[in-house]
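The values are calculated or read from the model by the stated rules, or taken from the named source; none is laboratory data. Quantities reported herein were computed from a predicted structural model and do not represent experimental measurements. Quick reminder, even Gly has a Cβ in these numbers, built from the backbone with ideal geometry, and neighbours come from all protein chains shown. Ligands, DNA and RNA are excluded from the accessible area calculation, which covers all protein heavy atoms including side chains. Shrake-Rupley method; radii C 1.70, N 1.55, O 1.52, S 1.80 Å.
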Amino acid sequence: DYNRRSFIAPNHTMTHVLNYALKTVLLEGNSNQLNQGLCEQRGSLVDSEKLRFDFSWNGPLSNSQILRVEEIVNDIINQKSPVFSQLVPLNDATKINGLRQVFGEKYPDPVRVISVGKDINELILDPSNDNWNNYSIEFCGGTHLSNTKDAELFILIEESGIAKGIRRITGLTRKKALDAKFKFQEFLKKVNDASLLSNAELSVAIKSIKIEFDQLVVSLVDKEEIRKVINNLYVRIKDWYKVNLAYKISNIINEVENIALKAKDDNKVP
């Protein structure tokens, strides 16, 4: 089952990095919100296709927040950070500053620590160091990469609420993420090409474009970029319809006036 695990590993490691990125973006250095139960892991699912992460938060993430999360994760991938794994006595491990644990979870002793970018021996020697907040450090017994570079690329494709105060976010890595990026570029070109059509042609083409857009699986950030272009095309078509309607109404009024004048001349109008 080595092949399957090799596809799971990047999704699992990037789930850890995603957890760190969400904390960094949403809490913005205010760890007091952690004490209020915000931005805490509430579940996850990792398989060979995707990663899914549930966390406590009080509303949808903005497009700029999603962009920042993606940027942080991809920066760590591009830094080619080593991923450290080590069994540590539970009492020592829980003292490490910046450590992320699942609320209510019971861990074995010793516990396996996964640290992205920082040697675990350094963490244990100086557990209260504030600098450890700048790393992804978690308890975990699962399959992981040895280096973040092997994740290649990370994108977020879905963010939604699944219960009051609980958000669910879904991401892709490696080939799935690279394929989605290619689909984005391909579809964006298609939409931009459509903007070169005449208004009459565009009014027909926009319908199939919208259907295809709704089914498109790409980064949420990329999808928002496409959405803006499509919305502009809809505005253009709407304005064109208004001009056409005004032109038709004007023609009808002129025809009615001409008929009335002709009728008056023929003494058919009193």
Would you grab the residues whose amide H sits under 5 Å from the one on Asn129? Only those 5+ places off in sequence or on another chain, please, with H modelled 1.01 Å from N. Asn97
Along the stretch 199-214, Karplus-curve 3J(HN,Hα) (6.51, -1.76, 1.60; θ = phi - 60°) to the nearest Hz, with x for Gly and Pro, reads 4, 5, 5, 5, 4, 8, 5, 4, 5, 6, 4, 5, 4, 5, 4, 4
Across Ala205, Ala180, Ala163, the residue with the highest GNM fluctuation in the chain (Cα network, 10 Å cutoff) is Ala163
If you filter the stretch 134-205 for trypsin sites (Lys or Arg not before Pro), then keep DSSP loop positions with at most 15 other Cβ within 10 Å, what is left? Lys164
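Mind pulling the per residue volume of the convex hull built on the Cα atoms of the chain? Å³ is fine. Show your work: numbers first, answer last.
On the way: hull volume 48.3 nm³, N = 270.
Here the figure is 179 Å³ per residue.
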Protection proxy ranking of 108-117, 8-17 - average other beta-carbon atoms within 10 Å, highest first: 8-17, 108-117
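Compute the accessible area per residue over the chain, keeping the other protein chains in place, probe 1.4 Å, unit Å².
Numbers: 15280 Å² over 270 residues.
Heavy-atom accessible area per residue stands at 57 Å².
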Using modelled amide H (1.01 Å from N, peptide plane; none on Pro or chain starts), what sits under 5 Å from the amide H of Arg42, excluding residues fewer than 5 places away? Asp54, Phe55, Ser56
Please name whichever of Ser44, Asn58, Asn91 sits farthest to the positive end of the charge dipole of the stretch 1-133, dipole taken about the Cα centre and charges placed at Cβ: Lys and Arg +1, Asp and Glu -1. Ser44
Selection from Ser81, His144, Val218, by position along the positive dipole direction of the chain (Cβ): Val218
Residue by residue through the stretch 60-76, which ³J(HN,Hα) values in whole Hz follow from phi under the Karplus form 6.51 cos²θ - 1.76 cosθ + 1.60 (θ = phi - 60°), with glycine and proline marked x? x, 7, 6, 4, 5, 5, 4, 4, 5, 4, 4, 4, 4, 4, 5, 4, 5
Scan around Lys118 for amide H atoms under 5 Å from its own, H built in the peptide plane at 1.01 Å from N, and keep only partners 5 or more places away or cross-chain. Phe84
Between Asp239, Asp119, Asp75, find the one with the highest GNM mean-square fluctuation for the chain; connect C-alpha pairs within less than 10 Å. Asp239
Most mobile of Ile155, Ile211, Ile137 in a GNM of the chain (Cα contacts under 10 Å): Ile211
